[in-house]
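See structure below.
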Amino acid sequence: MKNPTMVDKVNLPVPIYLDFQATTPLDPRVLHTMMPYLSGLAGNPHSTSHSHGSAALKAVENARAQVASLIGASPDEIVFTSGATEANNLIIRGVTREIRNRERNAVLTATTEHKAVLAVIDSLRAEGFDTQRVQVDRDGMLDLAALRQALTIRTGLVSVMAANNETGVVHDLNEISRLARAQGALVHTDAAQAAGKIPVDASVVDFASISSHKMYGPMGIGAAYIARGLRRRIEPLFKGGGQEGGLRSGTLPVALCVGFGTACHIAAQEMEDEAKRLHHLRELFLETLRSHGTTFTINGTMRKRIPGNINVHFPGIDAEALLMKVRSEISISSGSACTAESLDPSHVLLAMGLGVERAEESVRIGFGRTTVEQDAIKAADALSKAVTALGRVGYKQPVLEI
Ligand SMILES: *Cc1c(COP(=O)(O)O)cnc(C)c1O
């Protein structure tokens with residue numbers, strides 16, 4: 001008998017998913033490679049006295065090589081974690097003893113970092129580290145002059161993300177790293193948004209964090225890249241069986257490792273073509289918005305950003321009201337999902353000096369692997385219609401002079 005409380009899904013509009021910076025759907029090809037390890041083949045990869053265990057270990061090590069290859073690292077420089085949040089914690093907290101010993105108590109980061117970096121660095125401040133957030137310009141790019149000024153021989157660590165999760169802005173890591181290293185500082189990058197979307201070269205930095213579920217892999221796994229030679233200078237977050245060379249105790253989730261590895265492999269293979277496709281979808285979306293005569297501006301530079309992301313400001317239109325209006329048609333967000341519990345305006349847009357009003361009138365749209373042309377057009381149609389409707393009930397859309 002049909003459960004009377006069950007909603008008849010057939011009659012519900014299924015919104016188009018356009019929040020790929022928050023998470024990405026699991027690629028079916030990834031799931032396919034995970035299946036054998038979800039359904040019986042996975043022994044404990046640390047229990048290799050039998051063939052189940054050694055098969056699991058082999059699968060894990062193959063995955064580690066795939067992850068390493070995506071960012072130009074060696075397999076022995078990859079530590080599996082539960083995600084980018086844990087990798088950020090492992091690296092930033094783990095390096096504190098080292099920088100303290102070298103009397104380099106200063107830690108620099110950027111104002112637009114993810115909370116998974118900002119909160120960790122704030123915790124160092126509470127422990128007596130001299131922490132500082134370097135500003136960005138109106139385009140969201142790190143102010144290199146400000147970085148140069150903030151760097152001293154006391155700087156132990158510089159942590160700047162590769163690409164921003166709200167604006168998609170890509171930082172000049174080569175230059176940031178060059179400046180930091182010239183002062184003898186170690187460099188970390190949160191590459192959760194960049195890895196798999198644009199080329200990431202681990203050799204430019206000392207540490208990096210990546211996340212599987214931001215690149216069509218399973219949730220619950222990620223990796224810390226720790227350059228060879230620095231391993232022993234990192235203290236683990238927790239102790240136990242000493243897996244991952246003592247840096248991350250706990251049994252490795254074989255199926256997740258395998259899925260993450262496949263996701264990295266696919267991303268590496270398809271990155272170039274997919275970037276072109278996403279770029280086209282983004283242009284199509286913007287063209288469609290324009291064709292409706294909708295007034296908007298874009299937050300963050302258009303010159304250096306990850307493909308597929310766009311952060312749009314609709315002047316005079318409250319973003320929360322806009323999201324409610326388009327809810328049944330598209331799934332997009334305002335600001336970062338990771339701080340979505342609060343309705344505070346985006347700290348990223350505020351740090352760019354865009355003002356509270358503009359921050360409250362901006363939405364983030366992300367196109368991804370499952371997005372087709374029709375989705376981009378429908379999204380622009382839905383947003384334009386909603387902007388017009390909201391404009392009628394009292395929201396005013398001013399004409400911008402640009
Ligand atoms: C999503 C994200 C994280 C958090 O990654 P998890 O794997 O979910 O812990 C950290 N930094 C950035 C830039 C992100 O986009």
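For Thr48 and Ala389, calculate 0.36 nm times their separation in residues minus their Cα-Cα distance, and state this gained length in nm to one decimal.
Numbers: separation 341, 0.36 × 341 = 122.76 nm, distance 6.35 nm.
Contour length minus Cα-Cα distance gives 116.4 nm.
What's the percent breakdown of Cα-Cα distances in the chain across 20 Å bins, shortest bin first?
27, 53, 19, 1
Could you go through the range 270-286 in sequence order and give the Karplus-derived ³J(HN,Hα) for each residue, using 6.51 cos²θ - 1.76 cosθ + 1.60 with θ = phi - 60°, rounded to whole Hz, and x for Gly and Pro?
Per residue, the Karplus-derived 3J(HN,Hα) values read 9, 3, 5, 5, 5, 4, 5, 5, 5, 4, 4, 4, 5, 5, 4, 4, 5 Hz.
Would you mind ranking Glu270, Glu329, Glu287 by Cβ crowding within 10 Å, fewest neighbours first?
Working: Glu270 15, Glu329 19, Glu287 12.
If I rank by nearby Cβ atoms, fewest first, I get Glu287, Glu270, Glu329.
Measure off 7 Å from each Cα along the Cα-to-Cβ vector at Lys115 and Arg303, then give the distance between these two points in nanometres to one decimal.
Spacing of the two 7 Å Cα→Cβ label points: 3.3 nm.
Taking the Cα centroid of the range 305-323 and of the range 129-176, what is the distance between the two, rounded to the nearest whole Å?
Centre-to-centre (Cα) distance: 24 Å.
Please state the equivalent ellipsoid semi-axes for the range 177-303: what are the square roots of 5 times the Cα gyration tensor eigenvalues, largest first, in whole Å?
Computed over the range 177-303, the values are 35, 21, 13 Å.
By how many nm would the segment from Asp318 to Ser74 grow when fully extended, if each residue of separation counts as 0.36 nm and the alpha-carbon distance is taken off? Let's see the in-between values first.
Numbers: separation 244, 0.36 × 244 = 87.84 nm, distance 4.72 nm.
Gain on extension, Asp318 to Ser74, equals 83.1 nm.
Work from the charge dipole of the chain (Cβ charges, +1 for Lys and Arg, -1 for Asp and Glu, about the Cα centre) and give the residue of His114, Ala223, Ser159 farthest towards its positive end.
Working it through, the farthest residue towards the positive pole turns out to be Ala223.
With r as the distance between the Cβ atoms of Ile377 and Lys239 and R0 = 60 Å, compute the FRET efficiency 1/(1 + (r/R0)^6) and round to 0.05. Please report the intermediate quantities before stating the final value.
Numbers: r = 54 Å, r/R0 = 0.89.
For Lys239 and Ile377, the calculated efficiency is 0.65.
Between Glu61 and Thr23, what is the label-to-label distance in nm when each label sits 7 Å out along the Cα-to-Cβ direction?
3.2 nm
At a 10 angstrom cut-off on C-beta neighbours, averaged per residue, how do the peptides 200-213, 292-305 rank from highest to lowest?
Numbers: 200-213: 24.9, 292-305: 16.8.
Descending mean neighbour count gives 200-213, 292-305.
Quick one: Cα convex hull volume of the range 81-172, Å³ per residue? Each step should come with its number before you reach the end.
Working: hull volume 8.5 nm³, N = 92.
Given the Cα convex hull of the range 81-172, per-residue volume reads 93 Å³.
Which value in nm describes the separation of the simple spin-label points at Asp273 and Arg232, placed 7 Å from the Cα toward the beta carbon?
About 4.6 nm, to one decimal.
So if we plug the beta-carbon distance of Val356 and Ser203 into 1/(1 + (r/R0)^6) with R0 = 45 Å, what FRET efficiency do we get, rounded to 0.05? Intermediate values should be presented prior to the final figure.
Working: r = 40 Å, r/R0 = 0.90.
The value I calculate is 0.65.
A short reminder: the numbers here are calculations on the coordinates, not readings from a lab. Predicted, not measured: the structure shown is a model, and the values here were computed from it. All Cβ positions, even for glycine, are placed from backbone atoms using ideal geometry, and neighbour counts span all protein chains on display.
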